[in-house]
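Chemist: I have a structure here, written as C-alpha cells, and I will follow up with some questions on it.
The values are calculated or read from the model by the stated rules, or taken from the named source; none is laboratory data. Computed from a prediction, not measured in an experiment: that's the story for all the values here. So basically every Cβ, Gly included, is an ideal-geometry build from the backbone, and we count neighbours across all protein chains shown. Surface areas here come from the heavy atoms of the whole protein model, side chains and all, with no ligands, DNA or RNA. Shrake-Rupley method; radii C 1.70, N 1.55, O 1.52, S 1.80 Å.
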Amino acid sequence: MLSSISLRHMRVFVAVADHGTFTAAAEVLGLTPSGLTATIRQFEDVAGTPLFDRTTRQVTLSATGARFLPTARRLISEFEEALGDLDALSKGIGGTIRIAAAPSVLTRILPGVISRFVDEHPDARLRLDELNAGEVHEAVARNEADFGIAGEWHALPDIAFSPLFSDRFGVLCRSTHAFATRRAIAWSELADQAFVGLGPESGTRAMMAAQGSFAGGAGGSGGSGAGEVPVDPSEVAASDVLKRAAALGLPEAQMALRRANASERAIERVAKMAKPRQPDAVQNGNGGGAKDGPGSAMIDPVAQLRPIVETSNTLTLAAMVAEGVGITVLPELAARVADLAAPGKLAFVPLCEPIRKRPIGIITRQSRSLSPIARIFLAMVMEQAPKMDLPAAIEWGAWSYR
C-alpha cells in the first residue's frame, strides 16, 4: 500500500538521484549498499513502477522517477522545516510566521518592523503573502496564514477581526488635474468625472459604501439620516472568493451571496430612479453641502461611481490615473503606495461629506492561538508602526491579542 511509503524511502530515493549510484548514496546516508537497494526495491514495489533505469555502469531516473523527484524534495523540505519550527517553538526562540496582508500594509508598515524583528530573532522565518481583503480572510480561515492584516470583509466562521488602524478615503488624480490643488473634495463632485477603480474583490468599494450614505448637506462622518441608503459591507459586491465559497456549500457564503446579488440589483434600480434628481455639485474649494430639496431622492454617491476600467492591482490603477484615463478613490495609505507607480505625477486629496475611513485590523482564527513568536511580531507592529513616517491621518487603535 502507498501508505507504507515513509520519509526514509524519500530520502533514499533523492540520494540515489543526486549521486547517480547506489554505492555513493549509501555512503552519504550511512547505509549498507544492500540495505539501500532493498529500500529502493520496496519503494518501487509499493509504487508499482520503476523509479530508476539500471545498467551495469549507471543508474538513471526513469520517466516516473524524474516526475516524482521534485515532489519528493518538497516533502522532505517541508518535513524538515516543520521539525525546525517545532523545536524553535518549544524553546520560544523562532519558527515560521505566515502572514497574509494587504499590499499597503506589506509595503509601508511591515518592512520596518521586519528589519528589527529579524535582528532580534534570527532563528525565526517569515512568509509574506500579498492578498486582497477577501483572500486574507480566506487564507487565515484555511490555516494557510497564521494571521492576516487587512480590511474587514464578509464574516467567516471562526474568524475574528480586531481593529488596528484606519485611514481616510480620498481622490487620487494627476498633479495637473483641477482637484489636485484642493484641500478637500465632496463625494458628490465625483459624479461627472471619468473614474477608474479596483474591482469588488479588493474590498475597497465595500468599505466605502459600508460607512454611511450621502444625505443632502449632511457633512461629517456619514451617520444615519433621512433619505440615506444604508449599505452592509457583506451586501455590496459578490466577490469571486464569495462565489467559490458558496459553490462549496457553505451556508454563510450562500446567504451572503444572495444578499450581495439582491443589493447590487437594488443599487442599480435606485441609481436609475434618482438620476434625474442628482444633488448639485459642490462648487467651492471647501467642499460645501449639496442641496436637498423637498421630495428629492438622495442616494449614496459611491453607488454612482461606475468605473470605466477595473483592476485588481493598485499600482496598475495608479498608472492609469497617471496616464489620464481617469481619477480614482483610495484609502490614503494605499494611495501613498500607488504613488510609487508614477512618482511626482499624482496628488491625493481627502474626501468629505461624508468622511469615510478604511479600517485595517488583525485577522485571526478564534479557535487557534498564536505561537509565541507570532505574538512577539505583532507586539512589534503595535510598538513601531505608529512611529513610522506614515500619513498623519492614520488613526491607531489599541489592538491586543487575547
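Chemist: Looking at (1) assigned to a strand (DSSP E or B); (2) more than 30 Å from A124 (Cα to Cα), which one does I97 not meet, given that it meets all the others?
Modeler: Here I97 meets the rest and fails (2).
Chemist: Follow-up. Can you say whether T37 is open to solvent by 70 Å² or more (accessible area, probe 1.4 Å) and at negative phi, as far as the supplied structure shows?
Modeler: no
Chemist: Kindly indicate whether R67 is under 45 Å from the mean Cα position of the chain (by Cα), charged (D, E, K, R) and at pLDDT 90 or above.
Modeler: Yes: the conditions hold for R67.
Chemist: Restricting attention to the stretch 140-187, and to residues there that are assigned to a helix (DSSP H, G or I) and crowded, with 22+ Cβ neighbours inside 10 Å, which single residue is modelled with the lowest pLDDT?
Modeler: W187
Chemist: Return a yes/no flag: does the stretch 88-103 have any residue that is β-branched (V, I, T) and over 30 Å from L315 (Cα atoms).
Modeler: Checking the stretch 88-103: at least one residue is β-branched (V, I, T) and over 30 Å from L315 (Cα atoms).
Chemist: Something else about it: Can you tell me how many residues within the stretch 345-369 are open to solvent by less than 10 Å² (accessible area, probe 1.4 Å) and in a loop (DSSP other than H, G, I, E, B)?
Modeler: Of the residues in the stretch 345-369, 2 are open to solvent by less than 10 Å² (accessible area, probe 1.4 Å) and in a loop (DSSP other than H, G, I, E, B).
Chemist: Here is a follow-up. From A334, A322, A297, A342, which residue is crowded, with 19+ Cβ neighbours inside 10 Å and at pLDDT below 90?
Modeler: Of the residues listed, the single one that is crowded, with 19+ Cβ neighbours inside 10 Å and at pLDDT below 90 is A334.
Chemist: Right, next: As an exercise: evaluate T204 against (1) at pLDDT below 85; (2) of a type in the set (S, T, N, Q); (3) open to solvent by 20 Å² or more (accessible area, probe 1.4 Å) and give the number of the one condition it does not meet.
Modeler: T204 satisfies all of (1) at pLDDT below 85; (2) of a type in the set (S, T, N, Q); (3) open to solvent by 20 Å² or more (accessible area, probe 1.4 Å) except (3).
Listed here are the residues, each with its yes/no results for (1) open to solvent by 70 Å² or more (accessible area, probe 1.4 Å); (2) in contact with a Pro (Cβ under 8 Å, 6 or more places away or on another chain).
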| position | (1), (2) |
| --- | --- |
| A26 | no, yes |
| A47 | no, no |
| P50 | yes, no |
| R54 | yes, no |
| T64 | no, yes |
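Chemist: For the stretch 9-22, enumerate the residues that are part of a helix (DSSP H, G or I), free of Cβ contacts under 8 Å to residues at least 60 places away in the same chain and surrounded by 13 or more Cβ atoms within 10 Å (Cβ to Cβ).
Modeler: H9, V12, F13, A15, V16, A17, H19, F22
Chemist: W396 fails exactly one of the following numbered conditions: (1) open to solvent by 60 Å² or more (accessible area, probe 1.4 Å); (2) at pLDDT 85 or above. What is the number of that condition?
Modeler: Checking W396 against (1) open to solvent by 60 Å² or more (accessible area, probe 1.4 Å); (2) at pLDDT 85 or above, the one that fails is (2).
Chemist: If you go through the stretch 306-333 one residue at a time, how many are part of a loop (DSSP other than H, G, I, E, B) and closer than 21 Å to L351 by Cα?
Modeler: 6
Chemist: Let me spell it out: the conditions are (1) over 29 Å from E383 (Cα atoms); (2) at pLDDT below 90; (3) surrounded by fewer than 19 Cβ atoms within 10 Å (Cβ to Cβ), and R125 meets all of them except one. Which number is the exception?
Modeler: (1) is the only condition that R125 fails.
Chemist: Same structure, new question: Go through the stretch 103-137 and give me each residue that's of a type in the set (V, I, T) and part of a helix (DSSP H, G or I).
Modeler: V105, T107, V113, I114, V118, V136
Chemist: Can I ask one more? Tally up the residues in the stretch 78-113 that are open to solvent by 30 Å² or more (accessible area, probe 1.4 Å), of a type in the set (A, V, I, L, M) and modelled with pLDDT of 90 or more, please.
Modeler: Of the residues in the stretch 78-113, 0 are open to solvent by 30 Å² or more (accessible area, probe 1.4 Å), of a type in the set (A, V, I, L, M) and modelled with pLDDT of 90 or more.
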